Amino acid sequence: MDSILSLRMDTTFDDHDPLAHDILQVIESFIDEIGQRNCTAHFDKVVDDKYRLKGKHLVQRPERFIEDHLVYPLLEEAFEYSVRPQPIQYAPRWPRSGVPDFCITSIPISTARANDIRLFGEVKKPKDIDNARKDMEEYLNSDLDVHAVVLLTDGFDWELWVRPKGTSVDISEKPNAQASLRSTLQTVRTRNMEMDTENAHAVRKAINTEDFEDFTCESLIEIVEGEFGITTEATDLAN
């Protein structure tokens, strides 16, 4: 895994990096939705201080709001995944403890089934990523007979975990990759008070795409092939 990640650490991104552009587009739409719900003041407190995102301000459960307006758009539009929310009987079978928030179908389910690999993710409301780790640990340590690649996020912070077959996962250890959108969200939230083109350009430059490159579909396929020796056949279709 280290060799895969190190290939990207020397990459220099220019001002027109498409990943930075796509991430910023999603975040701008997310901030627009915050504004349309008259939730700007509340969100400012959440992103700056220790406040938690509350459903009474969003008129929706925070976790579902984050999924619909930030996490899934980033996964599909910026990172180019095909995902399936709330999968049932995704190959291989899920432990009895439950199902994850989404599975990744960019690698065909038939390929995952044939190679005993599970590709899934957990989403929590902002500042609740610790519970996503606990859910992942419960899933994976109840079934050691599969390879797994797991994306965890609370919308603000992102983690990538890789677990080879036959080994347990320990959440006290560091993930294989991690990235954060906190500073970008703190900047872009001023969009609801008008942000000019020059500022948008500066925000795009400031997005740390070196970290987020490890969360793209292309990177995941490289991990599956390099770490587990699996030949994949990527697809854009949700099988």
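The values are calculated or read from the model by the stated rules, or taken from the named source; none is laboratory data. None of the values given here were measured: they were computed from a predicted structure. Positions of Cβ are backbone-derived with ideal geometry, glycine not excepted, and every protein chain shown enters the neighbour counts.
Does the range 27-34 contain at least one residue that is surrounded by fewer than 20 Cβ atoms within 10 Å (Cβ to Cβ) and free of Cβ contacts under 8 Å to residues at least 40 places away in the same chain? Scanning the range 27-34 turns up at least one residue that is surrounded by fewer than 20 Cβ atoms within 10 Å (Cβ to Cβ) and free of Cβ contacts under 8 Å to residues at least 40 places away in the same chain. Return the residue satisfying two criteria in turn: it lies in the range 135-184 and is surrounded by 21 or more Cβ atoms within 10 Å (Cβ to Cβ) and among the charged types (D, E, K, R), and of such residues it is nearest to residue 73 (Cα to Cα). If we take residues in the range 135-184 being surrounded by 21 or more Cβ atoms within 10 Å (Cβ to Cβ) and among the charged types (D, E, K, R), then 154 is nearest to residue 73 (Cα to Cα). Can you tell me which residue is surrounded by the fewest Cβ atoms within 10 Å (Cβ to Cβ) among those in the range 114-127 that are over 10 Å from the mean Cα position of the chain (by Cα) and in contact (Cβ under 8 Å) with a residue 60 or more places away in the chain? Looking at the filtered set, the residue picked out is 127. Keeping to the range 95-146, report how many residues are closer than 24 Å to residue 53 by Cα, in contact with a Pro (Cβ under 8 Å, 6 or more places away or on another chain) and among the small types (Gly, Ala, Ser). So the answer is 1.
Only one entry of 29, 3 meets the criterion of being in a helix (DSSP H, G or I), at pLDDT below 90 and either over 18 Å from residue 126 (Cα atoms) or out of contact with any strand residue (DSSP E or B) (no Cβ under 9 Å at 6 or more places or on another chain) (or both), and that entry is 3.
Within the range 70-83, restricting attention to residues that are touching a Phe, Trp or Tyr at 6+ places or on another chain (Cβ under 6 Å) and either small (Gly, Ala, Ser) or within 11 Å of residue 104 (Cα to Cα) (or both), the residue that is modelled with the highest pLDDT is 75.
Consider the range 157-184 and keep the residues that are part of a strand (DSSP E or B) and among the acidic types (Asp, Glu). The one that is nearest to residue 219 (Cα to Cα) is 159. Does any residue in the range 132-158 that is among the basic types (Lys, Arg) come within less than 6 Å, Cβ to Cβ, of a residue that is surrounded by fewer than 23 Cβ atoms within 10 Å (Cβ to Cβ) six or more places away or on a different chain, and which pairs are these? Going by the 6 Å Cβ cut-off, the qualifying pairs are 133/171. Would you tally the residues in the range 60-69 being surrounded by fewer than 19 Cβ atoms within 10 Å (Cβ to Cβ) and outside any loop (DSSP other than H, G, I, E, B)? So the answer is 2.
The one condition from (1) modelled with pLDDT of 95 or more; (2) in a strand (DSSP E or B); (3) under 30 Å from residue 31 (Cα atoms) that residue 103 does not meet is (1). Scan the range 70-87 residue by residue and report those that are assigned to a loop (DSSP other than H, G, I, E, B) and either of a type in the set (D, E, K, R) or surrounded by fewer than 22 Cβ atoms within 10 Å (Cβ to Cβ) (or both). Answer for the range 70-87, where residues must be assigned to a loop (DSSP other than H, G, I, E, B) and either of a type in the set (D, E, K, R) or surrounded by fewer than 22 Cβ atoms within 10 Å (Cβ to Cβ) (or both): 80, 82, 86, 87.
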